[in-house]
1. Any chance you could look up the accessible area of His308 with a 1.4 Å probe, heavy atoms only, rounded to 10 Å²?
2. Restricting to DSSP loop positions (anything but H, G, I, E, B) with no more than 13 other Cβ atoms inside 10 Å of their own Cβ, which chymotrypsin sites (Phe, Trp or Tyr not before Pro) remain in region 203-289?
3. Would you tally the net charge around Pro19, using a Cβ to Cβ cut-off of less than 12 Å, leaving Pro19 out, and scoring K and R as +1, D and E as -1?
4. Would you mind telling me the share, in percent, of accessible area of the chain contributed by carbon and sulfur at probe 1.4 angstrom?
5. Would you grab the residues whose amide H sits under 5 Å from the one on Lys120? Only those 5+ places off in sequence or on another chain, please, with H modelled 1.01 Å from N.
6. For Ala47, list long-range residues whose amide hydrogen, built 1.01 Å from N in the peptide plane, is under 5 Å from its own amide hydrogen.
7. Could you tell me the accessible area of Asp429 in Å² (1.4 Å probe, neighbours in place), rounded to the nearest ten?
8. So between Lys28 and Glu210, what do we pick up on full extension, going 0.36 nm a residue minus the alpha carbon distance?
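The values are calculated or read from the model by the stated rules, or taken from the named source; none is laboratory data. Computed from a predicted model, the values in this text were never measured in an experiment. Ideal geometry is used to build each Cβ from the backbone, glycine not excepted, and the neighbour counts take in all protein chains shown. We work out accessible area using only protein heavy atoms, side chains counted, and drop any ligands, DNA or RNA first. Shrake-Rupley method; radii C 1.70, N 1.55, O 1.52, S 1.80 Å.
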Amino acid sequence: MTDTAQTTVRSVVTEIPGPKSKQMLERKAEAVSTAIPSNLPVFIESANGATFTDVDGNTFIDLGCGIGVTTIGHTNEAVVAAVREQVGRLTHSLVGQTPYEPYVRAAELLNELTPGDHKKKTIFVNSGAEAVENGVKFARKYTGRRGVAVLDHGYHGRTALTGTMNFKIAPYANGQGPTVSDVFHAPNSYPLHDGLDGAAAAKRTQWYLEKHVGVEDLACLVVEPIQGEGGFIVPADGYLPALQEWCTKNGVVMIADEIQSGVSRTGATYASELLGWTPDVVLTAKGIAGGMPLAAVTGRAEILDAMHLNGVGGTFGGNPVSCAAAIAVLEQVKSLDLDSEAKRIEEALVRRLREMQDKYSVIAEVRGRGAMIGVELIDADGEPVAAGPFAAEAGRNGVMALTAGADGNVLRFLPSLIITNEQLEEGMDVIDAAFATVLNS
Ligand code: PLZ
C-alpha cells in the first residue's frame, strides 16, 4: 500500500505535553466536562497513515488508531475523496423518509463481507453501542424472548442497556442510576486464567446459562470474538463454534460484537471467521468508515426482517457521508490483501513483545491476532500490574499505546494496517525502553 505514512517519522520536539497543548488543556478544563479524560495529554492537529502530529509539532507513531478506528490509516486517500465528493452532493436525508443509494451499497458490501453464505440484511446506526442495542432488539423481536446474555470481561458500550451488559460497572454505569433488567453475565473463556480448553469452557458457559437464566427465555448471547476492552482475550479453540451450536439448538440468537475486532483488524475480515464461528448477527462500527461515525447490524435475513415496519431507525443512522466513507473502506477490504498486512503486523509485534517477555517477568502473556495484540501484566505475587504508566512513558517518547483489562493491566496495540515495518520496530523500541524505565523507577 502506498501512503505518505511511509515517510512520516516519530519526532518529539517539546516536552509532552508541549506549551500549546498545555494551554489547550487549561481551556478544556474550563469548557469541557471533567468526565472526559485526556489519556495522552496532547492536542492532535493532523494525522496521516500511521502517525499523528500535535499542535506543538510532535509526531507520534499511532499504535491505538482512536481505539481501532483508522484501521486502513488516518486520512486514507480513497476515504477522503469519497467524503469530499459526497459532502458536496448530499449530506442528509433520513433513509426511512427518502432513501439514497450509498446506504444500500454499503449494506450490500457488509452482507457480502460478514461471515457465512446465508441470506443477510443490514441496518445502519450511529455508534457501536447503538448497534448493540439494535442487535438485541432484533433478537428479542425474532425470538419473542426477553433475556440477554453476555460474557464476563465483555464490553458493549455506554448506553443504559450496554452499560449494564459491560463486565465492569466502573466507570461505565456506577453512580448513574438504575441498570437494566434481564441482562445476564456468564463466564467466558480466558485461557491464561482458567486453563480450560474450548469444549470445557463452552460447557461451563452453557451450564451457567441453563441454570441461571433458562434457555426458553433467552433471546440472545452477545459475544466479542476477541474481547477488546477486556484485554484482547482470545477464547480457547472451539469455544465460539460450540456456543453457536448450543444457541442454534436452543433457539437463541448468537450475536458477534465485532465492533473492535472487525473490518480486517485480525487477519480475517471478521475475527469470528478466523475463530471458526459463523454468527447469526454481526455488529460492526469503529473501522467501518475510516473515522466517520457509522455502525451496522448485519444478520440472517429472517432475523432482520422479523422487525415490524419502523421498529428501528433514527435521524442520522447511515448518514450518506458516513456510508460513502464505508463504501470506500469496504471496497479496499475487498480489493487489497489486508489479511496479509494484519499477519505481518502480528508477526512483528508478537516477536518483539516475546523478546520483552524474556527480559521483563511482569509480562505474563503476549496474545491477540493480527493488528490486535496485547500483553497482560502480572507481578511475582500474581497481582495485576497497571499498564497506564507504561503507556504514559511511551507517550512521552512519541508512541501512542492503549491500556485495557478488568484491572487495567493489559497494554494493547491496535496499529493501522498500513504501518511500515520500520514504524513498528521503532514503536516497539520505545515500548521496550518504557518497560525498562518504568520498572527501574
Ligand atoms: N463493543 C467491542 O469495543 C467501543 C470504548 C471507548 P461505541 N470500545 C471503545 C470508550 O471508553 O468509550 C466498543 C467496543 C465493543 C461496543 C463498543 C461501543 O462502541 O461506538 O463507543 O458506542
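1. 100 Å²
2. none
3. My count for the surroundings of Pro19 gives -2.
4. In the chain, the share of accessible area belonging to carbon and sulfur is 52 percent.
5. Amide H neighbours of Lys120: Ala301.
6. Answer set, sorted by chain and number: Thr53.
7. My reading of the accessible area for Asp429 is about 80 Å².
8. Difference between extended and current length: 60.6 nm.
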